[in-house]
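Below is one structure, written out as structure tokens; the observations come after it.
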Amino acid sequence: MKKILILNGPNLNLLGTREPVQYGHTTLADVEAFCQAHGKQIGYEVECFQSNWEGALLDKIHEYGRLYKAGEALGIVFNPGAFTHTSIALHDAIKGVEPLPVIECHISNVHAREEFRHHSWVSPAAAGIVVGFGVDGYLVAIDGLVRKFVNSAARKA
Ligand code: DQA
């Protein structure tokens, strides 16, 4: 069973209590549980990892680059939190493990918020972007990953 990684960056461990107007009341544990249940239904093992440390996120992306090469991973759904707007290192890590697909996912619609959230260093390296669907966006991103990199590849074959 191939793996999909749900990767969450800084402050997303506070989901459920953090700015509920922006991010809702669902906890990260709930998000991880429904992603894992959904993955199981569609035939993938969903691993979940959250860190407030940029280097730990980089290491996890590198690890999945190796798993992808070995044919053991499909891709990553990544909410980089505020590192989205600051981290060239995350951009470089995603480029560095190409063609491993990374879907960038934001709970809130970052484009309807402060201007400093409008720019993403991750987007130019991402295989797709899901923005503004609330925590359901993680499921949209999983399905998008499978539709783009499994189903459409099968249709072309
Ligand atoms: C976020 C949006 C970012 O701007 C913010 O820093 C976050 C969460 C989102 O999911 O909407 O931490 O990535």
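Residues in segment 1-39 that are in a loop (DSSP other than H, G, I, E, B) and small (Gly, Ala, Ser): 9, 16, 24. Checking each residue in segment 102-127 for being surrounded by fewer than 21 Cβ atoms within 10 Å (Cβ to Cβ) and not hydrophobic (A, V, I, L, M, F, W, C) picks out 108, 109, 111, 113, 114, 115, 117, 118, 119, 123, 124. Take the conditions assigned to a helix (DSSP H, G or I), touching a residue at least 12 places away in the same chain (Cβ under 8 Å) and within 15 Å of the ligand (Cβ to nearest atom) and apply them to residue 138. Does it pass? Spelling it out, residue 138 is indeed assigned to a helix (DSSP H, G or I), touching a residue at least 12 places away in the same chain (Cβ under 8 Å) and within 15 Å of the ligand (Cβ to nearest atom).
Residues considered: 63, 32. Of these, the only one that is in contact with a strand residue (DSSP E or B) (Cβ under 6 Å, 6 or more places away or on another chain), over 28 Å from residue 115 (Cα atoms) and of a type in the set (Asp, Glu) is 32.
Conditions (1) touching a residue at least 12 places away in the same chain (Cβ under 8 Å); (2) in a loop (DSSP other than H, G, I, E, B); (3) out of contact with any helix residue (DSSP H, G or I) (no Cβ under 9 Å at 6 or more places or on another chain); (4) crowded, with 16+ Cβ neighbours inside 10 Å, marked per residue:
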residue: 52; (1), (2), (3), (4): yes, yes, no, no
residue: 61; (1), (2), (3), (4): yes, no, no, yes
residue: 64; (1), (2), (3), (4): yes, no, yes, yes
residue: 77; (1), (2), (3), (4): yes, no, no, yes
residue: 84; (1), (2), (3), (4): yes, no, no, yes
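What are the residue pairs meeting all of these: first residue in segment 11-32, first residue among the acidic types (Asp, Glu), second residue more than 10 Å from the ligand (Cβ to nearest atom) and outside any loop (DSSP other than H, G, I, E, B), Cβ atoms under 6 Å, and 6 or more apart or on different chains? Hits for this filter: 32/48.
Here, each number is a calculation from the coordinates, and none is a lab measurement. Quick caveat: nothing in here was measured; it's all calculated off a predicted structure. FYI the Cβ positions are ideal-geometry reconstructions off the backbone, even for glycines, and counts take in every protein chain you see.
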